[in-house]
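See structure below.
Where a number appears in this text, it was derived from the coordinates with a stated rule and is not lab data. Predicted model, so just to flag it, every value in this text is computed and none were measured. Every residue, glycine among them, receives a Cβ derived from its backbone with ideal geometry; neighbour counts consider all protein chains shown.
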Amino acid sequence: MKTILSGIQPSGKITLGNYLGAIKNFVEMQNNADEDTNIFIFIADLHAITVYQDPVELRKSIKSLAAIYLACGLDPNKSTIFIQSEVKEHAEIGYLLQTMTYVGELERMTQYKDKMQKQVQGVSSALLTYPVLMAGDILLYNSNYVPVGVDQKQHLELSRTLAERFNNRYSETFNVPEPIIQKVGAKIMSLQDPTSKMSKSDKLEKASIFLLDDEATIRKKIASAVTDSEAKVYFDQENKPGISNLLTILSCCTLKSIDELVEDCKDMNYGEFKKIVADALVEKLMPIQQRYNEILNSEELDLILTEGAKKASYFANKTITKMKRKMGIGRKQ
Ligand code: ATP
Ligand code: LTN
């Protein structure tokens, strides 16, 4: 039996980066998995509140992300889809693993260092311990494979360390999870600053394509994407980050290789090239949006989440019981 697990935070509007770097990969792995594979995909709401979230907006984002998962092709018959906070063992394992994580290991996380600088009301201790909660998510289901974008690689490293540490201290318990990172699309860049990651929490609207942006907005954002003055389409991440990012997006949407696309587009000016990218995005995203609108307010969505939480809880509870027994806490069960 193999287990695949991943999650996304409902901390804002889902971006094209989240889709190409993560969700698309979840769906492909789901569709290629054999009968013997368990798949857990969840909405990481406990992670989202490591920085303040408006409660009304957060509720909406949770449901919206669930509908996006389904609209993108996750199938509740093949994947267990659930909300993290509805399986209380996530918080519990987070604490258990904190007892064996060193503060120094957390303080050197690059995402922590970036995010702490952006906090105006002080840095919550949960922002520091966030990678432990994430390791807990992964170990709770004894996961083997974790599809993520490249920015999560360092957090995955800690999950591996904690799995090994637990196994060494208390006897063999956990698989050591492996990150699954795509070759193309693992780091989609901001349209306005192509040297930094496209991110949900970017304040600048036109820096990101959101999965639910309408057609006119998508076309406008691509048309105003920052490029360079050379007016020649080819891939060079260092010297042409804007064009390289658009080529990456086009490659992910069309399933053509970057080399093929460069050949197709080499005689185009930037205006023509951007139109091709916008067309491909519209073609990819419009059907997703149509399904999203059908699913969002359906009764089915609630049923799927209830069922998902029930199924996930069953596995999670078994792991927590085993961990407590090995760690010597509570009474023997
Ligand atoms: P935030 O800005 O709130 O930190 P985020 O946009 O970085 O959010 P996450 O919820 O942290 O999104 O990420 C969810 C998944 O999407 C992760 O697997 C992450 O690696 C992936 N991901 C996020 N942004 C990108 C991106 N620009 N390119 C590729 N993958 C991405
Ligand atoms: N921290 C991740 C989201 C996340 C996750 C996980 C991903 C939370 N728990 C477990 C994979 C496995 C992020 O993308 N910010």
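Top mean-square fluctuation among Glu86, Glu272, Glu230, Gaussian network model of the chain, C-alpha springs under 10 Å?
Highest fluctuation of the listed residues: Glu230.
For Gln154, put the label point 7 Å out on the Cα→Cβ axis and report which residues of the range 4-19 keep their amide N under 11 Å from it.
none
Over the range 245-318, what portion of Cα pair distances is larger than 17 Å, expressed as a whole percent?
Tail of the P(r) past 17 Å holds 62 percent of the pairs.
Quick check on the exposure proxy: order Thr110, Thr254 from fewest to most C-beta atoms within 10 angstrom.
By the 10 Å Cβ count, ascending, the order reads Thr110, Thr254.
Counting DSSP beta bridges with both partners in the chain, what percentage is antiparallel, nearest 5?
If we restrict to bridges inside the chain, about 10 percent are antiparallel.
Report, largest value first, the span of the C-alpha coordinates of the range 13-61 along each principal axis, in whole Å.
40, 22, 17
Please say if the range 138-177 is rounded, prolate or oblate, where rounded means a/c under 1.5 for a ≥ b ≥ c the square roots of the C-alpha gyration tensor eigenvalues, and otherwise the choice is prolate for a/b larger than b/c and oblate otherwise?
Oblate, since a/c reaches 1.5 and b/c is not below a/b.
With just the Cα atoms defining each centre, how far is the range 152-231 from the range 255-288? Give it in Å.
Centre-to-centre distance over Cα atoms comes out at 21 Å.
Rounded if a/c is under 1.5, else prolate if a/b beats b/c, else oblate: with a ≥ b ≥ c from the C-alpha gyration tensor eigenvalues square-rooted, which is the range 194-333?
Here the range 194-333 falls in the prolate category.
As a test of understanding, state the convex hull volume per residue of the chain from its alpha carbons, in Å³. List each step's numbers first, then the result.
Working: hull volume 47.8 nm³, N = 333.
Considering the Cα atoms of the chain, their hull volume per residue is 143 Å³.
On a 0 to 90 degree scale, rounded to 10, what angle separates helix 55-71 from the longest Cα axis of the chain?
With rounding to tens, the tilt is 70 degrees.
Test of understanding: ordering Val56, Val132 by Cβ neighbours within 10 Å, fewest first, what list do you get?
Ranking Val56, Val132 by Cβ neighbours within 10 Å, fewest first, gives Val56, Val132.
Could you tell me whether the range 138-218 comes out rounded, prolate or oblate from its Cα gyration tensor? Rule is a ≥ b ≥ c as square roots of the eigenvalues, rounded for a/c under 1.5, then prolate if a/b exceeds b/c, otherwise oblate.
It is prolate, given that a/c is not under 1.5 and a/b is the larger ratio.
Rank Gly185, Gly104, Gly242 by mean-square fluctuation in a GNM of the chain with C-alpha springs under 10 angstrom and give only the top-ranked residue.
Its mean-square fluctuation being the largest, the pick is Gly104.
Please give me, ordered by residue number, the chymotrypsin sites (Phe, Trp or Tyr not before Pro) of the range 26-110 that lie in loop per DSSP and have at most 14 other Cβ atoms within 10 Å.
Working: sites: Phe26, Phe40, Phe42, Tyr52, Tyr69, Phe82, Tyr95, Tyr102; in loops: Tyr52, Tyr102.
Listed in order of number, the matching sites are Tyr52, Tyr102.
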